[in-house]
Amino acid sequence: QVQLVESGGGLVQPGGSLRLSCAASGTIYSVYGMGWYRQAPGKQRELVATVTSSNTANYADSVKGRFTIFRDNAKITMYLQMNSLKPEDTAVYYCNYQRPGGSYWGQGTQVTVSS
């Protein structure tokens, strides 16, 4: 089994920063990729960023240059550093881990960007 627990969400003003964390436990193989997704009210869940075991990252165009994804394999934790936040970044952010035979999600953490 795999458990993913996100933290770090909250309310922030436009232009501000937040760092999300995803702590993983259970049967985790660091060789497989992880990622962050988000879902805004009334919209489908969308990819934000993914990271490989060697910290090679891939980003959605909407967050390139503002967000940084990275992972600490020793701590089995993934992070999303979000800078220059915009109101359109408001969403529930979800952590995802994929391996052969399963795709796992956390419960989500709310990020609200508003003045």
Q. So which pairs qualify, if the first residue must be in the range 91-115 and closer than 18 Å to Gln44 by Cα and in a loop (DSSP other than H, G, I, E, B), the second must be open to solvent by less than 50 Å² (accessible area, probe 1.4 Å) and of a type in the set (D, E, K, R), the Cβ gap must be under 9 Å, and the two must be at least 6 apart or on different chains?
A. Gly106/Glu6; Gln107/Glu6; Gly108/Glu6; Gly108/Arg38
Q. Can you name every residue in the range 39-61 that is in contact (Cβ under 8 Å) with a residue 24 or more places away in the chain and touching a Gly at 6+ places or on another chain (Cβ under 9 Å)?
A. Gln39, Val48, Ala49, Val51
Q) Considering Ser17, Ser103, Ser114, Ser7, which residue is in contact with a helix residue (DSSP H, G or I) (Cβ under 7 Å, 6 or more places away or on another chain) and open to solvent by 50 Å² or more (accessible area, probe 1.4 Å)? A) Ser114
Q) Do we find a residue being part of a strand (DSSP E or B), open to solvent by less than 60 Å² (accessible area, probe 1.4 Å) and polar (S, T, N, Q) anywhere in the range 53-73? A) no
Q: Tally the residues that are over 16 Å from Phe70 (Cβ atoms), outside any strand (DSSP E or B) and not basic (Lys, Arg), restricting the search to the range 33-52.
A: 4
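The values are calculated or read from the model by the stated rules, or taken from the named source; none is laboratory data. On a predicted model such as this, the values are computed, not experimentally measured, just so you know. Cβ coordinates were reconstructed from backbone atoms using ideal geometry, including for glycine residues, and neighbour counts include every protein chain displayed. Note: accessible area is taken over every heavy atom of the protein model, side chains too, but ligands, DNA and RNA are not part of it. Shrake-Rupley method; radii C 1.70, N 1.55, O 1.52, S 1.80 Å.
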